[in-house]
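Everything below concerns the one structure shown next.
The values are calculated or read from the model by the stated rules, or taken from the named source; none is laboratory data. This structure is a prediction, so every number in the text was calculated from the model and none was measured. Glycine gets a Cβ as well: all are built from the backbone with ideal geometry, and neighbour counts include every protein chain shown. Surface areas here come from the heavy atoms of the whole protein model, side chains and all, with no ligands, DNA or RNA. Shrake-Rupley method; radii C 1.70, N 1.55, O 1.52, S 1.80 Å.
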Amino acid sequence: MKSNQLQSNEYASYYAPYVQSVSDEYTLIEELEISVHRLIKFVQNIPMDKFDYRYAEGKWTIKDILQHLIDTERILAYRALRFSRNDQTPLANFDENEYVIEANANRRSIQELLTELAVVRQATLSLFKTFSHEELLRSGIASNNTMSVRAFGFVIIGHQNHHQRIFEERYL
């Protein structure tokens, strides 16, 4: 399954830029595998003095953003699991700003964050590889919006792409 097969009614409209940023060259599973390696390699080439840099007052550091990617991927994968199992319980929002404050990512090393990111992605990949075609098409309500299981996978990738572009544009 590729990103261009996803229907716009499978995800919240605010996720559209994320979904549209995912290449349709690869399948969902392939892109989940490739994209994390692309990001890790990119981050490993960032100068060390940039990891704690904020481009403006109140903005997140690169370490904060990496932790945000980790936390968000865990939450989205959990939502995909719930919906794949036909759990129709509406799932609540989460406040990413509060998560970043509470995570204290800046006390961690960049290597710790990249290792955790790789481990979380491996878990996400393992989960998505278990989903049947029928399960990928299931949906539920998250943050007051309909989301399909497969949409969560593409949003995870697109969210990562979004933040990598922010690194390039505002941090380097």
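Are any residues in region 27-53 under 18 Å from HIS162 (Cβ atoms) and either of a type outside the set (A, V, I, L, M, F, W, C) or more than 17 Å from the chain's Cα centre (by Cα) (or both), and if so, which ones?
GLU31, SER35, HIS37, ARG38, LYS41, ILE46
Would you mention how many residues in region 71-87 are touching a residue at least 60 places away in the same chain (Cβ under 8 Å) and of a type in the set (S, T, N, Q)?
2
Under the condition of being in contact (Cβ under 8 Å) with a residue 24 or more places away in the chain and farther than 14 Å from ILE156 by Cβ, which residue from region 28-42 is surrounded by the most Cβ atoms within 10 Å (Cβ to Cβ)?
Filtering region 28-42 for residues that are in contact (Cβ under 8 Å) with a residue 24 or more places away in the chain and farther than 14 Å from ILE156 by Cβ, the one surrounded by the most Cβ atoms within 10 Å (Cβ to Cβ) comes out as ILE40.
Specify which of the listed residues (GLN44, GLN20) is farther than 22 Å from GLN122 by Cβ and among the polar types (S, T, N, Q).
GLN20
Search region 71-87 for residues being open to solvent by 90 Å² or more (accessible area, probe 1.4 Å) and in a helix (DSSP H, G or I), and hand back the single one that is farthest from PRO47 (Cα to Cα).
TYR78
Please work out which one of (1) closer than 19 Å to VAL22 by Cα; (2) open to solvent by 20 Å² or more (accessible area, probe 1.4 Å) is the condition HIS159 fails and give its number.
Result: HIS159 passes all but (2).
Would you be able to tell me the number of residues in region 43-54 that are assigned to a helix (DSSP H, G or I) and either open to solvent by 40 Å² or more (accessible area, probe 1.4 Å) or among the acidic types (Asp, Glu) (or both)?
Filtering region 43-54 down to residues assigned to a helix (DSSP H, G or I) leaves 43-44, 48-50.
Still in the list and also either open to solvent by 40 Å² or more (accessible area, probe 1.4 Å) or among the acidic types (Asp, Glu) (or both): 44, 48-50.
Of the residues in that region, 4 qualify.
Only one residue in GLU57, GLU31 is in a helix (DSSP H, G or I) and out of contact with any Lys or Arg (no Cβ under 6 Å at 6 or more places or on another chain). Which one?
It is GLU31.
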